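Report on the structure given below.
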Amino acid sequence: MTIDFILNGEDVSVQAEPMERLVDLLRERFKLHSVIGDCGVGLCGKCLVLLEGKPVNACIVPAFRVRGAEVVSYEGFCNTEEHDKARQALEKAGLDLCAFCKGAYSMALGYLIEHGVRFEDEAVAELLSSIHCSCSAPSALLEAARFALAEKEGGRYARGR
Amino acid sequence: MKREHTDQDPGMPRLADFHKPDLVYVGTVRSPAARGSIKSISSPHLPRDYRFITAEDIPGDHFLRLEGETVPILAKGRVSYKGEAVGLIAGPDRRRVLEAIKLTRVDIAPETPEYGYERFESSQVLAREKLERGDCRAAMEKAHKILKAEFRLGPLDHYYPEPQGAASYYDYDKLVIITSTQWPFHVRDSVAKALGVKPEELVVKPSYLGPHLDGKLWYPSLLACHASLCSRILGRPALLSLSRNEDFLYTTKRAPFFGAYRAAIDEEGRLQALEASISLNLGAYGPLAQPILRKILEALPGPYTCPALSCKAWAVRTNLSPMGSYAGLGGSSAQFAMERIADLCAAEADQDPVAWRTANAAPRGDTSAGSPAKQGARFTELNELLLGISDYKRKRSAYELIRKRRPDPESVPGFGIGLAWAYQSNDGARLLNATGPTSVEVSLGKDSVLTIRSSVLPMDAGALELWRREAASTLDIEPSLVRILPVSTDTVPDSGAAAFSSGISVVTRLISEACDGIRSKRFREALPISVRKSTRSTKRLASPLDGASFGGAAVELAIDPLDGSPLVRGIWMSVNAGRILSRSRAEHSLKRDIARALSNCVSERFYPAQEDYTGSPLFSYAPLRIQDIPPIELRFCEAGAEMSPGGLGELAFIAVPAAFASALSQAMDEAQHELPLDKRARGEMLR
């Protein structure tokens with residue numbers, strides 16, 4: 001079937017089997033190597049992309065699901081303001097993430113920043129917990145989230161003080 | 001490759017990004033049975049570009065060799081574990097390769113597989129070691145009390161950032177191999193033997209290593225043989241990339257440990273003798289069996305003094321996938337058992353576990369762990385720090401009151417805090433016979449650039465910064481003038497296996513010594529000046545406590561009244577690992593290891609591929625997620641600041657499980673000697 005969708009801000013069209021996994025589509029057809037198809041069953045979260053603005057694991061999204069939708073991979077996310085904020089927060093927390101989870105964690109932080117989530121919300125630990133990589137300390141990742149979200153909160157609530 | 005080697009990022013590409021024109025993908029045809037003889041293998045008709053490769057196609061040695069053990073590169077005639085590689089299918093389309101593998105039939109005449117290792121036949125013995133020190137029998141006869149206990153530690157997966165694999169391609173007259181390995185020269189030599197070529201005709205460039213937990217010592221060599229074989233036969237670049245499921249089921253795991261111990265104490269509770277019978281399940285092939293047994297015997301008394309020791313240890317061959325090392329060479333299992341013995345002895349002598357440990361710590365000159373220790377177990381300052389940050393004594397007393405005075409003795413107390421000590425010897429690689437001395441070559445060029453060459457690849461690019469800073473400060477030059485050459489077997493000296501924290505504890509020292517050598521020649525000789533430093537090999541083994549890193553951990557937990565699972569409230573750790581090169585990096589890596597070690601205890605129960613196993617282990621093996629990790633607090637001892645930098649990689653994996661088991665024992669009022677926890681068994685126990 002022909003699948004038309006928006007990928008990293010560009011209209012794209014691709015011939016694919018309806019049940020082909022989005023991760024394969026992105027890696028093999030569009031050469032988006034930030035998307036890692038590791039576990040293939042939605043457990044490790046290293047293939048995280050934003051589908052219609054929400055974080056999803058591309059390994060369990062069938063190709064037909066992205067028809068007419070907007071998909072953002074780390075390559076597209078790199079051009080956003082949220083990416084810069086996420087990168088700064090990771091640096092501030094002293095994190096040097098590996099090449100396998102860097103994209104997923106950065107996008108997760110970016111998503112939290114964009115949606116104004118407070119650090120105390122369960123959603124923060126929950127979203128970060130959906131990505132599993134053994135390269136970094138969990139406490140440091142939470143620290144990075146705290147830095148990223150504190151900045152956002154400061155901006156929002158500072159006016160009211 | 002997407003990322004090529006550069007000065008800034010010395011060679012840590014991902015295997016997942018490997019791409020070359022005319023690339024063939026390699027898939028593995030695996031044995032459906034755990035034991036038996038191969039009757040036939042029938043593959044489907046393959047298109048022209050595809051090839052089915054069996055052991056018959058190997059031009060050189062059919063076996064990978066290490067430490068006296070042989071592992072078939074591809075099984076021929078017989079299979080020894082479910083999933084053993086019996087053939088390879090290579091072709092340009094990955095999906096068609098996978099389809100062809102599904103259609104391939106391997107017909108096996110099955111035999112009854114052997115999975116048990118606690119009781120075993122003599123024919124199953126892969127390796128054995130024996131230790132007799134002092135008169136154990138006499139000490140047992142004179143003992144005030146003799147304590148008995150059995151300890152079991154299950155297999156653990158290393159859960160690498162990228163599943164294992166290998167890629168190979170021809171670059172003019174040389175075959176280049178890319179794989180994530182701790183031991184590039186072992187990969188080179190193994191592939192050279194398998195292909196029947198000279199080692200100089202091959203170049204090994206390691207891909208991203210990540211936190212390997214000593215699991216990438218020899219298995220990458222096997223995968224490199226597979227990929228290289230395909231490249232050689234098809235004349236094209238080849239990529240073999242295991243799926244996460246394959247990596248889980250068929251690559252090496254921590255060797256399961258069983259120990260039956262007897263400990264003798266005198267009237268004051270001092271340890272007088274220790275007798276142990278230990279068996280390890282090494283699976284179908286155990287190239288590391290002998291070094292692991294040697295390490296277990298060395299670590300048997302832990303950091304404690306024990307006048308008489310007697311131990312028999314066996315590495316047992318079974319029909320599980322090959323097992324091996326995990327965060328050290330098995331010393332963590334022996335130290336776990338000793339820490340549990342320490343708690344039992346303290347309880348028997350009615351002493352506080354910390355007081356017992358302090359009274360029994362190995363003093364200077366102690367010979368319990370081998371040669372006389374130049375320094376004893378250095379726990380005094382470390383212990384004070386740990387007790388301070390964890391509030392151990394108050395909590396322990398409170399929970400003991402709850403345990404002893406609970407109204408319903410049938411119920412569990414529900415709260416516990418445990419403490420354990422650990423040490424990590426900083427020359428672990430010497431136990432591997434096959435690895436030569438670690439070498440580092442440092443040269444100062446005419447352009448004032450300092451070049452460091454070593455085949456010890458650190459876990460990540462950030463660790464290289466430590467070497468760069470160390471060299472720069474020794475020679476008083478800018479760190480930007482220090483260049484660390486990417487690891488490639490044709491340009492760096494053989495530095496042996498990058499294992500057991502040798503990157504920090506050995507290579508850093510060698511770099512510093514080599515830079516000292518350059519400094520003394522700097523204005524006397526013309527540039528370029530090169531200095532090569534190697535570790536000295538001595539026949540006499542030093543005490544493992546000499547120059548070791550020490551650590552202590554405390555774990556506090558409560559039992560969930562609904563499902564009986566332990567809810568860890570906090571983990572505290574204090575460490576004396578000599579001079580800390582980077583406080584923030586050391587904290588990050590220790591916190592990561594502590595979280596991982598806790599996860600190993602509570603949720604990483606691994607069931608290896610047995611005959612009747614059909615599911616995916618990914619669903620039953622559930623490492624703790626970020627939201628489940630309790631607060632972790634760390635302190636580094638200032639006392640170590642004057643010493644050489646020591647390794648940290650094993651400490652958390654020794655101290656945290658032992659402290660966790662101690663806390664759980666108090667919370668359950670029942671000694672816990674088995675890890676990881678079996679949730680099903682615990683549910684039954686609580687009912």
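The values are calculated or read from the model by the stated rules, or taken from the named source; none is laboratory data. Predicted model only: the values in this text are computed from it and were never measured. When we count neighbours, we look across all protein chains shown, and the Cβ atoms used for this are built from the backbone with ideal geometry, even at glycine.
Summary of computed values
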quantity: Test: residue A:141 is under 22 Å from residue B:596 (Cβ atoms), assigned to a helix (DSSP H, G or I) and within 8 Å of another protein chain (Cβ to nearest Cβ); calculated: yes
quantity: Residues being closer than 19 Å to residue B:109 by Cα and not aromatic (Phe, Trp, Tyr) - total across region B:73-97; calculated: 13
quantity: Residue within region B:324-346 that is hydroxyl-bearing (Ser, Thr, Tyr), in a loop (DSSP other than H, G, I, E, B) and buried (at least 18 other Cβ atoms within 10 Å of the Cβ) present; calculated: yes
quantity: Top-ranked residue in region B:620-638 [being touching a strand residue (DSSP E or B) at 6+ places or on another chain (Cβ under 6 Å) and surrounded by 15 or more Cβ atoms within 10 Å (Cβ to Cβ); ranked as nearest to the other protein chains (Cβ to nearest Cβ)]; calculated: B:632
quantity: Subset of region B:1-44 that is small (Gly, Ala, Ser) and more than 12 Å from residue B:106 (Cα to Cα) - its residue that is modelled with the lowest pLDDT; calculated: B:11
quantity: In region A:40-56, residue farthest from the other protein chains (Cβ to nearest Cβ) [restricted to those that are under 14 Å from residue A:77 (Cβ atoms) and buried (at least 24 other Cβ atoms within 10 Å of the Cβ)]; calculated: A:49
quantity: Some residue of region B:193-200 being at negative phi, touching a strand residue (DSSP E or B) at 6+ places or on another chain (Cβ under 7 Å) and not β-branched (Val, Ile, Thr); calculated: no
quantity: Residue B:446 more than 29 Å from the chain's Cα centre (by Cα), assigned to a helix (DSSP H, G or I) and charged (D, E, K, R); calculated: no
quantity: Among the residues listed as B:117, B:159, the single one being touching a residue at least 12 places away in the same chain (Cβ under 8 Å), within 14 Å of chain A (Cβ to nearest Cβ) and of a type outside the set (A, V, I, L, M); calculated: B:159
quantity: Strands (runs of 3 or more DSSP E) within region B:479-560 that include 3 or more residues within 21 Å of the chain's Cα centre (by Cα) and crowded, with 20+ Cβ neighbours inside 10 Å; calculated: B:549-559
quantity: Close pairs (6 angstrom Cβ cut-off, 6 or more residues apart or separate chains): in a strand (DSSP E or B) in region B:198-219, buried (at least 24 other Cβ atoms within 10 Å of the Cβ) and not hydrophobic (A, V, I, L, M, F, W, C) anywhere; calculated: B:202/B:188; B:204/B:184; B:204/B:188; B:206/B:181; B:206/B:184
quantity: Where residue B:408 falls short, out of the listed (1) part of a loop (DSSP other than H, G, I, E, B); (2) crowded, with 17+ Cβ neighbours inside 10 Å; calculated: (2)
quantity: Region B:222-276, residues that are surrounded by fewer than 21 Cβ atoms within 10 Å (Cβ to Cβ), in a strand (DSSP E or B) and of a type in the set (Lys, Arg); calculated: B:262
quantity: Condition broken by residue B:101, with the remaining ones in (1) loosely packed, with under 15 Cβ neighbours inside 10 Å; (2) closer than 24 Å to residue B:82 by Cβ satisfied; calculated: (1)
quantity: Unique match (being modelled with pLDDT of 95 or more, over 21 Å from residue B:584 (Cβ atoms) and assigned to a helix (DSSP H, G or I)) among A:125, A:108; calculated: A:108
quantity: Total residues in region A:59-78, condition away from chain B (no Cβ under 14 Å) and in a helix (DSSP H, G or I); calculated: 6
quantity: Tally of residues being out of contact with any helix residue (DSSP H, G or I) (no Cβ under 6 Å at 6 or more places or on another chain), facing chain B (nearest Cβ under 7 Å) and either at positive phi or surrounded by fewer than 23 Cβ atoms within 10 Å (Cβ to Cβ) (or both) across region A:123-134; calculated: 3
quantity: Qualifying residue in region B:168-191 (condition: assigned by TED's automatic domain parsing to the domain that holds residue B:53, closer than 23 Å to residue B:283 by Cα and of a type in the set (D, E, K, R)); calculated: no
quantity: Residues within region A:26-39 that are facing chain B (nearest Cβ under 7 Å) and surrounded by fewer than 21 Cβ atoms within 10 Å (Cβ to Cβ), tallied; calculated: 1
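Yes/no per residue for (1) over 19 Å from residue A:143 (Cα atoms); (2) out of contact with any Gly (no Cβ under 8 Å at 6 or more places or on another chain); (3) assigned to a helix (DSSP H, G or I); (4) within 12 Å of chain A (Cβ to nearest Cβ):
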{"site": "B:567", "(1), (2), (3), (4)": "yes, yes, no, no"}
{"site": "B:571", "(1), (2), (3), (4)": "no, yes, no, yes"}
{"site": "B:574", "(1), (2), (3), (4)": "yes, no, no, no"}
{"site": "B:578", "(1), (2), (3), (4)": "yes, no, no, no"}
{"site": "B:586", "(1), (2), (3), (4)": "no, yes, yes, yes"}
{"site": "B:593", "(1), (2), (3), (4)": "no, no, yes, yes"}
{"site": "B:599", "(1), (2), (3), (4)": "yes, yes, yes, yes"}
{"site": "B:605", "(1), (2), (3), (4)": "yes, no, no, no"}
